[in-house]
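What follows is a set of notes on a single structure, which appears directly below.
Values in this text are rule-based calculations from the coordinates and carry no lab data. What you see is a predicted model, and the numbers here were worked out from it, not measured in a lab. Note that we place each Cβ from the backbone using ideal geometry, even for glycine, and neighbour counts take in every protein chain shown.
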Ligand SMILES: Cc1ncc(COP(=O)(O)O)c(C=O)c1O
Ligand SMILES: Cc1ncc(COP(=O)(O)O)c(C=O)c1O
């Protein structure tokens, strides 16, 4: 079966749009993906026919909404190979999922001075700052893996040791595109009794991810980067761990019983879903997972590998372009950051936008990664299942134009 | 101008639906409201034409999304009379907004043993448990206003005193319908140097609310109860206070600069909006506010007062029905909780549902309020701008049926 | 459609519950809460030589949960652990069957009236509340009526 | 459409910046960051008898922010606090005017080339970055160039 990118594109209404008089060339999916009509329709039908609050009503609308919400949970559990749907906690985004673990697991493990938390230099701010704050609260020490010149995690034998309590690293870098082989890190962490969280915000949308195979204890990902709506994220955690952890956000629906004097808490996942959850958004994410599953994540990944190989070749041929991250498609995804000699990324992005080519410029919420490569900002083109080689060509033409304006 | 409820109803697609063979009679708006086509259309158009991540791109889609998101903030600021849009923090729901204040303000005030936090016995769990946890973390003491037999806050002269640091009470009860006149509480709290948060989850959707007139320091409300989508809530706070408070959730977009060694934070509201926010949801809430503003909140409130007066009369006439909360429309909103002699609310709700009448049954996330009235659960009918007197009559007929089945 | 839910048998058990009220002596007790609706039940078991010589209960709840407790009392009183486990399993299977499971009157007696409840997802928890509390109370009395145990014994 | 943004004057200032590089002595310094793109600038002012006798700067940034710093140097060097405040005000008003403000060349000199930037909301912050840093640096040198101050003085 070949991947029919034209058929896929027909499902995305926005791709017919023009930007500044040119056909839209959307190369910013690592920032947020576009949404197929199948996802938008499911949400619309939910809101127009079945809207009710979940878990709280015996009435028909409430029951329908609850079933749809829980079905979405089951779909997502299946998508990442969770042992049970109860291991899936809905949050508002990846960032909340990571903060949840930093607070709740940090409290559960009673982190204290002398304990260590390990991250890396290629993390998104959302997988840095929550751990910095945890260390501030508890007196624990933050340590990190460095990054090699070709954009891989730098091995560091002694980094994970008997003082390490939590390791949290990115599965696929949103800047360098690197897909980290985490087997060694997970094994080493478990050997010393540490727990492992993986930031899968960029991997779950683009490759087959199976939590059993990964072996980690927690993963986080986010709906809007995987064809789903904004406002929904996911924490997967091993049930036995979730069951031991104290709540984080508190309020309606996460309780067992409440008196003015004290409260007991519901079992996971409810314990971690305080208040009215993003109901329509969870249902939309369920539809996104259906869409991806129907295409097959292997096929999606293969398509992106092909596009990435093409793009690496094309960009390497543009004089004055410096690539950051792995130079070949092996162990990397379809996210390419680069610099254009003598031109600031802001200016690169602006000129590309004038040609309808939408790339992200800036620090990509990963300032330490940029600092590692000695630049304050980069230009990033990122691909998805709807990306075509024509769009890569449009990017290359755009870069010629950039060099003309700033030549 | 008279309020044209038929015209309003035409905007809500779900109201044409049948439930169990009967026309839908939706009396559960205090739980979650229905959404007009105007809100759904704005979200759809955003997702189909303008979807991009906010605050991070210079490209056209990102700029359009950012403008729409910030316009929504400005609309909501106007809707509640905020001094500037920067006083509006988008959260995922009311619950997150209250947790944000409990964590961030609690840390800013450095709460300690001997300090007191004051709430009331008519709070939603979302305005109880975050404060219980804050008191657990800091050793501060939780105290509360009682509730009178007719469902009002019981005056208590000495409750707010020089030890009080934070007062957080509900503006309109989601169980009793009581609208609390908070003037005295705000004045007393400020006199002793305490800060005041109001849980406006039920008031902002139903009455004109002006933060300057209320005089409080923080208010929370939630999109899905005011014609907006799920997944979006609002914290309003005085800018000078927000500017002093440390962050709560941490990650992308809330930083000024990040190094592995430490982070500085952006100014509010960005400081409190970590990660990709609920973008389409904020835009949808902006459209909901436009819809409400076009009708006029005075008119909405008046319509609900009329319906409430009618419903109070009708329900008082049903033998065996016991009303909880204020017995007249003065100082109360369109949320009526009641018991039916000898029949458990679950059974009441089930039989009403069989007739298409959707009411909520249970503890309404306010167990202490139920306990105060000596019942584990109540049946609640709640109204909104689309509620008609015919629907109240359908409820009354349904209650006759309930008594027949359990007679 | 409500006829499936509010069977005459259920309403009878609700209005005239069997075995209701907490009694002494007892060898195990458990208190369960349905967090969504606030319903509560306390179940006590008294056991001797592996048999449930008394089962007593009290609580606040809807017709379904109350009738279910009454039926439980009828079905499990004076039964052996293995018998009780089998009946418990059959009732749970019926409730979780989304209306697709055909109940066996020989095993479930009046419990077959709950077949209709399985079609109301929001009410399944109500019907199961006393059974879950019973299982815990039995465990505290040192008697395992979980399905794995019954499989071994059967 | 890009012509409005990348005016020849702007590209000239970008490629050949005036007054660039940090110099001693100075009486006030400020470092500003644009959190969304990571651009940074350090601005120093030297002042004597209420005049800016030197303005020096260094930083990393796009053509707009760099050219803006160069223009700022040209416009404000050797000006009095009141003059500087007036020019600062005019520049900020131009940038925040969403393309609706007509710039006055007598006040803004080469700064009028930035009129087109006001139509690109994402770039307005770039143009303003050096001006905000300058205002802070001046404040640290004890000179108030905020608009309230200028209003009083004007
Ligand atoms: C008074 C009150 N406070 C807080 C909440 C919590 O709102 P949400 O569930 O949207 O966080 C609700 C509604 O559920 C409410 O009625
Ligand atoms: C690697 C990585 N981690 C975390 C995040 C945060 O995701 P969100 O903004 O949806 O919380 C992102 C994307 O922004 C990301 O790319």
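Could you tell me whether segment A:86-98 includes any residue that is away from every other protein chain (no Cβ under 14 Å), in contact (Cβ under 8 Å) with a residue 60 or more places away in the chain and part of a helix (DSSP H, G or I)?
Taking every residue of segment A:86-98 in turn, at least one turns out to be away from every other protein chain (no Cβ under 14 Å), in contact (Cβ under 8 Å) with a residue 60 or more places away in the chain and part of a helix (DSSP H, G or I).
Taking the residues in segment A:10-35 that are more than 9 Å from chain B (Cβ to nearest Cβ) and closer than 15 Å to residue A:356 by Cβ as candidates, determine which candidate is surrounded by the most Cβ atoms within 10 Å (Cβ to Cβ).
Per the criteria, the residue is A:27.
Based on this model, can you work out whether residue A:111 counts as in contact with a helix residue (DSSP H, G or I) (Cβ under 9 Å, 6 or more places away or on another chain), touching a residue at least 40 places away in the same chain (Cβ under 8 Å) and under 26 Å from residue A:373 (Cβ atoms)?
no
Checking the structure you have, find out if any residue of segment D:51-72 is on the phi > 0 side of the Ramachandran plot and away from chain A (no Cβ under 14 Å).
So far as segment D:51-72 goes, no, none of its residues is on the phi > 0 side of the Ramachandran plot and away from chain A (no Cβ under 14 Å).
Going by what's in this entry, would residue B:186 be described as within 16 Å of ligand 2 (Cβ to nearest atom) and not in a loop (DSSP other than H, G, I, E, B)?
For residue B:186, the condition - within 16 Å of ligand 2 (Cβ to nearest atom) and not in a loop (DSSP other than H, G, I, E, B) - is not met.
Do we find that residue A:186 is over 28 Å from residue B:95 (Cα atoms), in contact with a helix residue (DSSP H, G or I) (Cβ under 6 Å, 6 or more places away or on another chain) and away from chain B (no Cβ under 14 Å) in this structure?
Against the criterion (over 28 Å from residue B:95 (Cα atoms), in contact with a helix residue (DSSP H, G or I) (Cβ under 6 Å, 6 or more places away or on another chain) and away from chain B (no Cβ under 14 Å)), residue A:186 does not qualify.
Report, by residue number, each residue of segment B:99-120 that is assigned to a helix (DSSP H, G or I) and within 14 Å of ligand 1 (Cβ to nearest atom).
B:99, B:100, B:101, B:102
Here are some residues: B:163, B:238. Which one is free of Cβ contacts under 8 Å to residues at least 60 places away in the same chain and either within 14 Å of another protein chain (Cβ to nearest Cβ) or touching a strand residue (DSSP E or B) at 6+ places or on another chain (Cβ under 8 Å) (or both)?
Of B:163, B:238, the one residue that is free of Cβ contacts under 8 Å to residues at least 60 places away in the same chain and either within 14 Å of another protein chain (Cβ to nearest Cβ) or touching a strand residue (DSSP E or B) at 6+ places or on another chain (Cβ under 8 Å) (or both) is B:163.
Being at the interface with another protein chain (Cβ under 7 Å from one of its Cβ atoms) and out of contact with any strand residue (DSSP E or B) (no Cβ under 8 Å at 6 or more places or on another chain) is the filter here, so list the residues in segment A:125-139 that pass it.
A:130, A:133 - these are the residues of segment A:125-139 that are at the interface with another protein chain (Cβ under 7 Å from one of its Cβ atoms) and out of contact with any strand residue (DSSP E or B) (no Cβ under 8 Å at 6 or more places or on another chain).
In segment C:56-104, which residues are assigned to a helix (DSSP H, G or I), under 26 Å from residue A:63 (Cα atoms) and out of contact with any helix residue (DSSP H, G or I) (no Cβ under 8 Å at 6 or more places or on another chain)?
Listed by number, the list holds a single entry, C:93.
Mind checking whether some residue in segment B:253-261 is over 21 Å from residue B:55 (Cβ atoms) and in contact (Cβ under 8 Å) with a residue 24 or more places away in the chain?
Checked against the condition, which is being over 21 Å from residue B:55 (Cβ atoms) and in contact (Cβ under 8 Å) with a residue 24 or more places away in the chain, segment B:253-261 yields no hits at all.
Take the residues of segment B:106-124 that are in contact with a strand residue (DSSP E or B) (Cβ under 8 Å, 6 or more places away or on another chain) and within 16 Å of residue B:248 (Cβ to Cβ): which is nearest to the other protein chains (Cβ to nearest Cβ)?
B:106
Tell me which strands (runs of 3 or more DSSP E) are completely within segment B:194-303 and hold 2 or more residues being crowded, with 24+ Cβ neighbours inside 10 Å and within 16 Å of ligand 1 (Cβ to nearest atom), or say none if there are none.
Strands (runs of 3 or more DSSP E) meeting the threshold: B:195-199, B:218-222, B:233-237.
Filter segment B:1-19 down to the residues that are assigned to a loop (DSSP other than H, G, I, E, B) and in contact (Cβ under 8 Å) with a residue 12 or more places away in the chain and list them by number.
B:1, B:3, B:11, B:12
Of the numbered conditions (1) surrounded by 24 or more Cβ atoms within 10 Å (Cβ to Cβ); (2) out of contact with any strand residue (DSSP E or B) (no Cβ under 8 Å at 6 or more places or on another chain), residue B:346 satisfies every one except a single condition; which is it?
For residue B:346, the exception is condition (2).
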